[in-house]
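A short write-up of the structure that comes next.
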Amino acid sequence: MISRGGMVRLLVAGLLATALSLVVDGVGSAAMLREAKQVPAASWRVNGRVHATTMVGNTVIVGGAFTAAISPRGVVVRRRNLAAFDMRTGALLTNWQADAGAPVWTMENDGVYVYVGGAFGRVDGLLRTRMAKIRVATGVVDPTFRPSFNGTVRAIDVDAAAVYVGGRFTKVNGATRLRIAKVSRRGTLDQRFRPRSDKVVWGLAKPRYSSTVFVSGPFSRLNGVRRNGVGAVRARTGATTGRAFAHAARPTLGLAVNSDGSRLYGAGGTNTNTAAAWNTRTGARLWGVRVMGDVQAIEYYRGRVYFGFHDGYKGNRKIKLLSASASTGAVDPHFRPQFNGFWGVLAIDVSARGVVAGGDFTRVGGVAARGWVRFRR
């Protein structure tokens, strides 16, 4: 007969063995936590596509082509092409409203303001020609930031002193700027920065302490220098710099860069359908992950690269968002949320609070999530 103490010891030993086997099999506590992230938290929704999203603290701002936000119970609140939500609860921030007159395509924040670009001519009723600066905390449009672009703004990045802008435009404030420009935080056009792209710019990435700006799109030349969809220019003058990026896709639909600027990550479009990483000094490609459709969004955060796409991954047409090791490209097998719809994920942002994705879908992991979705950490 086994004593009570012996029974307890056997039970503990059995539990430990089970726990160890789960860890060895790759489904231990860390893996189960990763698995749980596949199911998003319920949130308010929007009634159209989301093309851009950014997070500041617990505030999530989304931009796209929609006319309303909708609560989980079906309450409809007017929000045109811009809306803000609480990352903790998913609720609409009802005191934040800065409606844009036409679709929003891109946004970036500096911690206090969000810089918004698109096809619009007005934001919150104020004349803002395809770009605006909005205070994150209040939704109030900055009264002095008023650069004017004669074509759609498709990419924005911000550093400590300036805002870099890419798109379909050829003039900024009446001055010739062929699809790339640089303005101050006040909106003044930089007269020294004059790069030229032969086609629209869809992606920009400026490492915080670097003198280089990385550029992507369907272009074949930057300043007349041959560059296949991805290139680099000097942050001061816009002159082409560095080597060509090996096996870059044309088009490359978006860019991300790691913290020290040593690695660049690209969202490869037509025919390649690949999320890729490069050494920024040599231009050598370090890894690539191929999916079934265009990679449409990419983001770096603390050693991970998150990328969104359409069509699917390895035969599963519901997978539209993956996470990979930034150093090796190894895909996390436990983070594979299931999206409905074809076009999938068009925008991503990541912070210590979680992952936010925007795009063209209505359900994720069985949860109603039209336009945007949040995965809390």
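The values are calculated or read from the model by the stated rules, or taken from the named source; none is laboratory data. Source: prediction; values computed, not measured. We place every Cβ from the backbone using ideal geometry, glycine too, and count neighbours over all the protein chains shown. Quick note on the areas: whole protein, heavy atoms, side chains included, nothing else; ligands and nucleic acids left out. Shrake-Rupley method; radii C 1.70, N 1.55, O 1.52, S 1.80 Å.
Axis of helix 4-24 versus longest Cα principal axis of the chain: the two differ by about 30°, to the nearest ten degrees. The calculated pair-distance distribution of region 115-229 uses every alpha carbon pair, bins of 10 angstrom beginning at 0, and gives 15, 48, 30, 6, 0 percent.
Accessible surface computed residue by residue for the chain, with neighbouring protein chains in place and a 1.4 Å probe, gives 43 Å² per residue. Taken over region 117-174, the alpha-carbon convex hull comes to 88 cubic angstrom per residue. Separation of region 86-125 and region 320-377, taken as the distance between their Cα centroids, equals 21 angstrom. Rolled with a 1.4 Å probe across the full set of protein chains, the surface gives Trp278 an accessible area near 10 Å².
The label point for Asp110 and the one for Arg243, both projected 7 Å from the Cα toward the Cβ, are 3.5 nm apart.
Under 20 Å from a label point set 7 Å out along the Cα-to-Cβ vector of Ala352, the amide N atoms of region 88-122 belong to 88-90, 109-113.
Near Lys318: Cβ cut-off under 15 Å, other residues only, Lys/Arg at +1 and Asp/Glu at -1. The net charge is +3.
In region 222-360, taking the dipole from charged Cβ atoms about the Cα centre, the farthest positive-side position among Ala232, Gly312, Leu253 is held by Ala232. Counting charges near Asp142 (Lys, Arg +1; Asp, Glu -1) among other residues having Cβ under 12 Å from its Cβ returns a value of +4. Once the Cα-Cα distance is subtracted from the 0.36 nm per residue extended length, the Leu127 to Arg363 segment shows a gain of 81.4 nm.
Per atom type, region 306-369 shows carbon and sulfur on 53% of its accessible surface, probed at 1.4 Å. Dividing the summed helix terms, -39500 (n - 2.57) for each DSSP H run of n ≥ 4, by the number of residues in the chain produces a 222 nm estimate of -2500 deg cm²/dmol to the nearest 500.
Here each label is just a point 7 Å from Cα along the line to Cβ, and for Asn95 and Gln191 those points are 4.3 nm apart.
Find, among the trypsin sites (Lys or Arg not before Pro) in region 283-353, those assigned to loop by DSSP (not H, G, I, E, B) with at most 14 other beta-carbon atoms within 10 angstrom. In loop regions of region 283-353 (DSSP not H, G, I, E or B), the sparsely surrounded trypsin sites (Lys or Arg not before Pro) are Arg302, Lys314. Using R0 = 22 Å, the C-beta based FRET efficiency linking Asn173 and Lys199 works out to 0.50. Local charge for Gly48 was computed over the other residues whose Cβ lies under 12 Å away, with Lys and Arg +1 and Asp and Glu -1, and equals +4. Taking a point 7 Å out from the Cα of Ser184 in the direction of its Cβ, the residues of region 124-141 whose backbone N falls within less than 17 Å of it are 133. Take the Cβ atoms of Lys314 and Arg281, set R0 to 35 Å, and the FRET efficiency comes out at 0.60. Taking every C-alpha pair closer than 8 Å and separated by at least 6 residues, the mean separation divided by the residue count of the chain gives a relative contact order of 13 percent. Cα centroid separation, region 186-222 to region 235-306: 15 Å. Percent of Cα pairs in region 266-370 per distance bin of 10 Å, from zero to the largest separation: 16, 51, 28, 5, 0.
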